[in-house]
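J.: Structure below; questions to follow.
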Amino acid sequence: MPDISLTMIVLLCVAALAAGWIDAVVGGGGLLLLPVLLLGLPANTPAAHALGTNKAVAIVGTTGAAVTYARKAPVDVRTAVRIGLAALAGSSAGAFFAAGMSTEVLKPVIMVVLLGVAAFVILRPAFGTAPATGPATRRRILAAIGLAGLGIGFYDGLIGPGTGTFLVLALTAILHLDLVTASATAKIVNCCTNAGALVTFAWQGAVLWQLAALMAVFNLAGGTLGAHTALKKGSGFVRIVLLTVVFALVGNLAYEQWIA
């Protein structure tokens, strides 16, 4: 356990709880958890340790949410795992290219895309509210593997913030899922990408396991509660949270680009 105060440990646990809830409903929990970790850990802690600890915490909450969804939502687990394996490959490739590319160039583009997505969701109130009319076609599944898997997985390895939210949007649009089922499917995909990242960080010795174990308990509680909330409240509620997270992500990227 790093040398941090009891007050900060409590704040980290509360952040883990809230991040688990947000991530389970619509993705984007890392927008809260990672900055809190970076601020809460001692100043001499390498950034990689914050990233590795974040993944160790997040995978527990994501898994809890995925199990909760799989039990009660009509999730095609086989398709979700196929997309997840593609995302794992994409994130590995993205991480490889990240070392030689400036993400500062890409952030403004991502902000424009996110604002476009927000406008689309606002102007299309029915988006993601109707359940799928039947099984997805082979063409749509392949498109989801390519875009939501390889494409968004690559983005996750290259930059990262908002990956879960992008997954929900892509799965809703490509597979014609309602937002609750898309969130459930995204959690399974996230389990695959988080596992790959965690193995890498663990191999590098960049995980603070004692702190991660404590925070993971709260993240699991938040993730399970978030999944139950989304299932109970339905797609209309998820839509509101989705828009909130999208605008928060735009604000976060704008702050990093022009203020920080």
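J.: Within the bounds of the range 146-163, is there any residue that is surrounded by 18 or more Cβ atoms within 10 Å (Cβ to Cβ), in a helix (DSSP H, G or I), at pLDDT 90 or above and hydroxyl-bearing (Ser, Thr, Tyr)?
T.: no
J.: For the range 200-209, check the following and say yes or no: at least one residue is out of contact with any strand residue (DSSP E or B) (no Cβ under 8 Å at 6 or more places or on another chain), part of a helix (DSSP H, G or I) and at pLDDT 90 or above. Don't jump to the end; show me each part of the working.
T.: Quick first cut of the range 200-209, residues out of contact with any strand residue (DSSP E or B) (no Cβ under 8 Å at 6 or more places or on another chain) only: 200-209.
Still in the list and also part of a helix (DSSP H, G or I): 200-203, 209.
Of the ones still in play, those that are also at pLDDT 90 or above are 209.
Checked the range 200-209: at least one residue is out of contact with any strand residue (DSSP E or B) (no Cβ under 8 Å at 6 or more places or on another chain), part of a helix (DSSP H, G or I) and at pLDDT 90 or above.
J.: Here is a further query. Looking at ALA47, ALA56, ALA65, ALA80, which one is over 21 Å from ALA182 (Cβ atoms) and under 15 Å from the mean Cα position of the chain (by Cα)? Walk me through how you get there before you give the answer.
T.: On the way: ALA47 fails: under 15 Å from the mean Cα position of the chain (by Cα); ALA65 fails: over 21 Å from ALA182 (Cβ atoms); ALA80 fails: over 21 Å from ALA182 (Cβ atoms).
None of the other options fit; the residue is ALA56.
J.: List every residue pair whose Cβ atoms sit under 6 Å apart, with the two residues 6 or more apart in sequence or on different chains, where the first one lies in the range 7-21 and is within 25 Å of LYS187 (Cα to Cα) and the second, anywhere, is not in a helix (DSSP H, G or I).
T.: Matching pairs, first to second residue: ALA19/GLY29.
J.: Looking only at the range 33-59, how many residues end up being closer than 17 Å to TRP209 by Cβ, open to solvent by 10 Å² or more (accessible area, probe 1.4 Å) and not small (Gly, Ala, Ser)?
T.: Residues meeting the conditions: 9.
J.: Name every residue in the range 215-260 that is modelled with pLDDT under 80 and among the polar types (S, T, N, Q), in order of residue number.
T.: Of everything in the range 215-260, those that are modelled with pLDDT under 80 and among the polar types (S, T, N, Q) turn out to be SER235, ASN252, GLN257.
J.: If I go through the range 217-260 residue by residue, how many of them are outside any helix (DSSP H, G or I) and on the phi < 0 side of the Ramachandran plot?
T.: Taking the range 217-260 first, the residues outside any helix (DSSP H, G or I) are 234, 259-260.
After this cut, where a residue has to be on the phi < 0 side of the Ramachandran plot as well, the list is 259-260.
The qualifying residues number 2.
J.: Let me ask another. Hey, among THR68, THR62, which residue is touching a helix residue (DSSP H, G or I) at 6+ places or on another chain (Cβ under 9 Å), touching a residue at least 12 places away in the same chain (Cβ under 8 Å), open to solvent by 10 Å² or more (accessible area, probe 1.4 Å) and hydroxyl-bearing (Ser, Thr, Tyr)? Spell out the reasoning first.
T.: Details: THR62 fails: open to solvent by 10 Å² or more (accessible area, probe 1.4 Å).
After applying the criteria, what remains is THR68.
The values are calculated or read from the model by the stated rules, or taken from the named source; none is laboratory data. Remember, it's a predicted structure, so these values are computed and weren't measured experimentally. Ideal geometry is used to build each Cβ from the backbone, glycine not excepted, and the neighbour counts take in all protein chains shown. These area figures cover heavy atoms from the full protein model, side chains too; ligands, DNA and RNA do not enter into them. Shrake-Rupley method; radii C 1.70, N 1.55, O 1.52, S 1.80 Å.
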